[in-house]
Amino acid sequence: MKDPITVSITGAAGQIGYALLFRIASGSVFGPDQPVNLRLIEIEPALPALQGVVMELDDCAFPLLREIVPTSDLAEGFRGANWALLVGSVPRKAGMERGDLLGINGKIFTGQGQAIAANAASDVRTLVVGNPCNTNALIAMANAEGIPNERFFAMTRLDENRAKSQLAAKAGVHSSQVSNLCIWGNHSATQYPDFVHAKIDGKPVTEVISDRAWLEGEFITTVQQRGAAIIKARGASSAASAANAALDTVMALSQPTAEGDWHSVAVCSKGEYGIEPGLIASMPIRTKADGSWEVVEGLEIDAFSQAKIDATIAELKEEREAVKDLIPG
Ligand code: NAI
């Protein structure tokens, strides 16, 4: 039996946490021979609810689940973590400006970045799901001294999955036939789901779907507004699909990407595609056989796509400006 992998999850008693934990504990993420330790981090008022989740994990009697540590202490919560999934954050309330939300959540990610640096395993990788996830990841990364920037990620996989499903429905194919779908930029309403480079059964989407007006219009807005549409329909946010996408991201970063394909996740830019270095921006990513990753370079960006990418990158710069006090140096 392998040594256990330790996964720390913040916001573990929340909706996404509830949809996430059981799949990790069951072995469906790290494999059927990989034991798992779970370190579950919540704010103090949520600890009783978290205790209920722990009772349910116990009641599953998962063969691969070793230790479960519920805590509100960050040092204890991130101790030995190989993966830190930062899901917990404060939701936007009525009357709250985007800047207020950035500031409130930003403070959470300062402390979490420091605690990860001080306590996690030397190979720790951090995926931020809690919104605004790109900028929260930037803050955590900037405060996690000693951890390489390339080990911080923000989630745009839900947007990729949503985009694939929309393209598949329009073309009358299964979503698994859609590949090479890149989400560019911020996980927000400015994100750009890139249909120009996406493929259906290996053919450019633009050859399979001739309705260019739909691709440039309704397709993009449907993906951008999908979260709001689900809240309207369900009366609650898209927790199960978000949890699924978080696990897809962890798996995509743990296994080599299929030949010729890529996946979407926001990473620290080194200036690829003219994106300002240091921003956490979603780009096309390939995971290599040794577990490291690279940005897929050399894609030709047409004028339509460039304008969309510029808009979402401009928003990331504004967000960074709003939290600059939380970014040391
Ligand atoms: P939720 O409100 O059900 O759960 C959030 C949990 O986080 C709560 O249990 C809360 O007590 C906890 N929490 C708050 N501050 C914390 C802190 N400082 N430390 C540890 N835990 C803390 O929300 P839900 O539905 O689980 O969503 C979580 C986050 O994920 C939200 O920010 C949401 O906007 C974001 N999200 C991101 C998506 C993406 O694609 N990147 C998609 C869907 C949601």
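Need the list of aspartates and glutamates near LYS107 for cross-linking: C-alpha distance under 13 angstrom, and skip anything on the same chain fewer than eight residues off.
ASP325
Relative to the longest principal axis of the chain, what angle (0 to 90°, nearest 10) does the C-alpha long axis of helix 47-60 take?
Between the helix axis and the principal axis of the chain, the angle is about 90 degrees.
Using Cα atoms only, what is the angle between the long axis of helix 133-142 and the major principal axis of the chain, expressed in degrees (0 to 90) to the nearest 10?
The angle comes out near 60 degrees.
For Cα pairs less than 8 Å apart in space and 6+ apart in sequence, what is the mean separation divided by the residue count of the stretch 194-246, i.e. the relative contact order in percent?
Answer for the stretch 194-246 is 16 percent.
For the stretch 156-323, how big is Rg over Rh, using alpha carbon atoms and the Kirkwood form of Rh?
0.94
Averaging sequence separations of C-alpha pairs under 8 Å and six or more residues apart, then dividing by the length of the stretch 219-329, give the relative contact order as a whole percent.
Across the stretch 219-329, relative contact order equals 17 percent.
Output the peptides 125-134, 28-37, 289-298 sorted from most to least packed, where packing is the average of other Cβ atoms within 10 Å over each peptide's residues.
Top to bottom by mean Cβ count within 10 Å: 125-134, 28-37, 289-298.
Any idea how far the Cα center of the stretch 1-76 sits from the one of the stretch 250-294, in Å?
The stretch 1-76 and the stretch 250-294 have Cα centres spaced 27 Å from each other.
Could you tell me what percent of the DSSP beta bridges with both partners in the chain are antiparallel, to the nearest 5?
Working: 18 of 40 bridges.
About 45 percent, rounded to the nearest 5.
Multiply the residue separation of GLU318 and GLU218 by 0.36 nm, subtract the distance between their alpha-carbon atoms, and state the gained length in nm to one decimal. Display every interim value, and only then the final one.
Details: separation 100, 0.36 × 100 = 36.00 nm, distance 2.62 nm.
Gain in length upon complete extension: 33.4 nm.
As a check on your grasp of the helix formula, calculate [θ] at 222 nm for the chain: sum -39500 (n - 2.57) over DSSP H runs of n ≥ 4, divide by the residue count, round to the nearest 500. Before the final figure, lay out the partial values.
Working: 11 runs with 132 residues, N = 329.
That comes out to -12500 deg cm²/dmol.
Taking 0.36 nm per residue of separation and subtracting the Cα-Cα distance, what length does fully extending SER254 through GLN306 add?
Working: separation 52, 0.36 × 52 = 18.72 nm, distance 3.01 nm.
Between SER254 and GLN306, full extension yields 15.7 nm more.
Quick one: what does P(r) look like for the stretch 1-100 with 5 Å bins over all Cα pairs, in whole %?
With a bin width of 5 Å, the distribution comes to 3, 13, 24, 23, 17, 9, 5, 3, 2, 0, 0.
Roughly how tilted is helix 157-171, in degrees to the nearest 10 and between 0 and 90, from the longest Cα axis of the chain?
Approximately 40 degrees, to the nearest ten.
In Å, the Kirkwood hydrodynamic radius of the chain over pairs of distinct alpha carbons?
On the way: mean 1/r = 0.0497 Å⁻¹.
Kirkwood hydrodynamic radius for the chain: 20.1 Å.
Here, each number is a calculation from the coordinates, and none is a lab measurement. All figures in this text were calculated on a predicted structure; none of them were measured in a lab. Note that each Cβ is placed from the backbone with ideal geometry, even for glycine, and that neighbours are counted across all protein chains shown.
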